[in-house]
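Note sheet for the following structure.
The values are calculated or read from the model by the stated rules, or taken from the named source; none is laboratory data. Keep in mind that what you see is a predicted model, and the values were worked out from it rather than measured. Here the Cβ positions follow ideal geometry from the backbone for every residue, glycine too, while neighbour counts run over all protein chains shown. Quick note on the areas: whole protein, heavy atoms, side chains included, nothing else; ligands and nucleic acids left out. Shrake-Rupley method; radii C 1.70, N 1.55, O 1.52, S 1.80 Å.
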Amino acid sequence: MTTHFSEQAMQILRDNDRGGYTVPTASLYPYQWNWDSAFAALGFATFDEDRAWQEIETLFEAQWPDGMAPHIVFRVDEPTYFPGPSVWQGDLGPLPSSGISQPPVAGTIVRHMAAGSPERAKALLPKIDAWHRWFHAARDPQGLGITAITHPWESGRDNLPNWDRPGQAVDTSTVGDYERRDTAMVDPEMRPLKEDYDRYLALVYFGRERGWDRDLVAAETPFFVADVGTTAILLRAERDLLAMGEAYGEIDVDAVRDRIALMEDGFERLWNPEIKAYCSLDLRTNELAETASSASFLAWYAGIDSHHDELISELTRYIAAAQFAVPSFDPEHALYDPIRYWRGPVWLMMNWMIAHGLADFGRDDLYDRIRADSLALIQKSGFAEYFSPADGQPCGGDSFTWTAAIWLAWADGDSA
Ligand code: GLC
């Protein structure tokens, strides 16, 4: 691959560095985001290992005493971002933060880097372990082996159409007036709608009113959906944690094995025989989502291959219906929108996880296709936040950390 793009990608990571942590992009997201940081570390690891470790270490500096690693860490107060620290009031941890988490990619990235620096990996293992245990206690209190989200933002896939139906249970009548900042910076056609934002805020107020008490939130929130994406990412991270625990000690590996066994069984609860794909499950109504999404194809990343042919057919349909793989939502569905955030666009860090899972199960053909499309999108449209699967146009913010990181991880010769 041309070094021109690699140099640009390294420059983006350096420019987005705020001193030990990176922001996803300069103006739109001026704080440290959880899974963004995990991917930032993947990118830094290709040219500055020390800085890669720092990214994960600073993320865990904000870990709450109960184990939660928050989805946003507010080290500074940036009035250009809404909702910021004064709205969230997530003050149960050592640093101001939001009151929810995000998909736990960090354990997988730490394993990716561990061989080069086992001591630094070792120091992180108890923290990662505590975070995973938090997911089981706080987001799977019934022990079903699937992981709930209490806010669309907790999935990292904010306005996915799969959240529309469960979101209707959220009362937005008391949200009142507020001023969004995102739509002033990015084309509103690419951002979530006001009705989505009303729900996002109502759920922030809901948690805040309960002092972010994890058990109260889990018991009372109207929005409690077992997310196929978060479940797959946690299961994968548990396997990576186990491998590191076996190599380096520091954690109770039998407990990790038990959690993995529980999740391997639980994962089948998400299989939707009508769609022939893994789908999210609304735990308040016990209804499976009627549509798959790109996260359904993370089953392989999670080490699950129980319905190989059916899931491959669904993935192949997604890819055939678009020019660039992998659309985040069914490109043949009425709710598909190729440029509106998580209602269709391609996100490269999703591609990286989906492709690696496929490679683990021998599908190098699909790995190659997804990797090639991902690199082609950057060559065509730069380091955008995300891209249209229909024509590859750049969408959302630019000079984006995780897009740069995926370029570095893939262009640097990372292969299946
Ligand atoms: C948006 C994305 C989320 C990401 C954040 C920062 O909220 O949906 O996944 O972590 O922006 O990039």
Original post:
Could you list, in sequence order, the residues of region 21-48 that are modelled with pLDDT of 95 or more, away from the ligand (no atom under 11 Å from the Cβ) and either among the hydroxyl-bearing types (Ser, Thr, Tyr) or assigned to a helix (DSSP H, G or I) (or both)?
Top reply: Tyr21, Ala41, Leu42, Gly43, Phe44, Thr46
Original post:
Just a yes or no: is a residue in region 130-141 within 16 Å of the ligand (Cβ to nearest atom) and assigned to a helix (DSSP H, G or I)?
Top reply: no
Original post:
Residues Pro152, Pro166: which one is modelled with pLDDT of 95 or more, closer than 30 Å to Ser388 by Cβ, crowded, with 20+ Cβ neighbours inside 10 Å and over 19 Å from the mean Cα position of the chain (by Cα)?
Top reply: Pro166
**OP:** Being of a type in the set (D, E, K, R) and within 15 Å of the ligand (Cβ to nearest atom) narrows it down to one of Arg51, Arg18, so name that one.
**Re:** Arg18
Original post:
When the residues of region 169-207 are filtered to those that are in contact with a Phe, Trp or Tyr (Cβ under 7 Å, 6 or more places away or on another chain) and part of a helix (DSSP H, G or I), which remaining residue is surrounded by the most Cβ atoms within 10 Å (Cβ to Cβ)?
Top reply: Leu203
**OP:** Answer with yes or no whether Ala123 is within 16 Å of the ligand (Cβ to nearest atom), part of a helix (DSSP H, G or I) and not polar (S, T, N, Q).
**Re:** no
Original post:
Which residue out of Ile56, Ile149 is within 16 Å of the ligand (Cβ to nearest atom) and farther than 23 Å from Leu203 by Cβ?
Top reply: Ile56
Subject >> When residues of region 43-89 are limited to those that are among the β-branched types (Val, Ile, Thr) and open to solvent by less than 60 Å² (accessible area, probe 1.4 Å), the one nearest to Glu209 (Cα to Cα) >> reply: Val87
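Answer with yes or no whether Val217 is more than 20 Å from Phe135 (Cβ to Cβ), hydrophobic (A, V, I, L, M, F, W, C) and either surrounded by fewer than 20 Cβ atoms within 10 Å (Cβ to Cβ) or in contact (Cβ under 8 Å) with a residue 24 or more places away in the chain (or both).
So Val217 does not fit the description; no.
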**OP:** Could you please give the count of residues in region 59-83 that are touching a residue at least 40 places away in the same chain (Cβ under 8 Å) and within 15 Å of the ligand (Cβ to nearest atom)?
**Re:** 11
**OP:** Go over the candidates Ala219, Ala232 one by one and state the one that is away from the ligand (no atom under 16 Å from the Cβ) and modelled with pLDDT of 95 or more.
**Re:** Ala219
**OP:** Kindly indicate whether any position in region 328-347 is within 16 Å of the ligand (Cβ to nearest atom) and in a helix (DSSP H, G or I).
**Re:** no
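For (1) closer than 24 Å to Arg259 by Cβ; (2) not aromatic (Phe, Trp, Tyr), each residue gets a yes or a no:
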position: Asp187; (1), (2): no, yes
position: Met190; (1), (2): no, yes
position: Leu193; (1), (2): no, yes
position: Arg199; (1), (2): no, yes
position: Tyr205; (1), (2): no, no
position: Arg210; (1), (2): no, yes
position: Val217; (1), (2): yes, yes
position: Glu220; (1), (2): no, yes
position: Ala226; (1), (2): yes, yes
Subject >> Residue in region 301-324 that is assigned to a loop (DSSP other than H, G, I, E, B), surrounded by fewer than 24 Cβ atoms within 10 Å (Cβ to Cβ) and of a type in the set (Val, Ile, Thr) present >> reply: no
**OP:** Out of Ala232, Ala255, report the one residue that is closer than 17 Å to Gly67 by Cβ and not basic (Lys, Arg).
**Re:** Ala255
Original post:
How many residues are crowded, with 18+ Cβ neighbours inside 10 Å and part of a helix (DSSP H, G or I) when one looks only at region 2-17?
Top reply: 5
Original post:
Ser381 is checked against (1) without any contact (Cβ under 8 Å) to a residue 40 or more places away in the chain; (2) within 16 Å of the ligand (Cβ to nearest atom); (3) hydroxyl-bearing (Ser, Thr, Tyr) and fails just one. What number does that condition carry?
Top reply: (2)
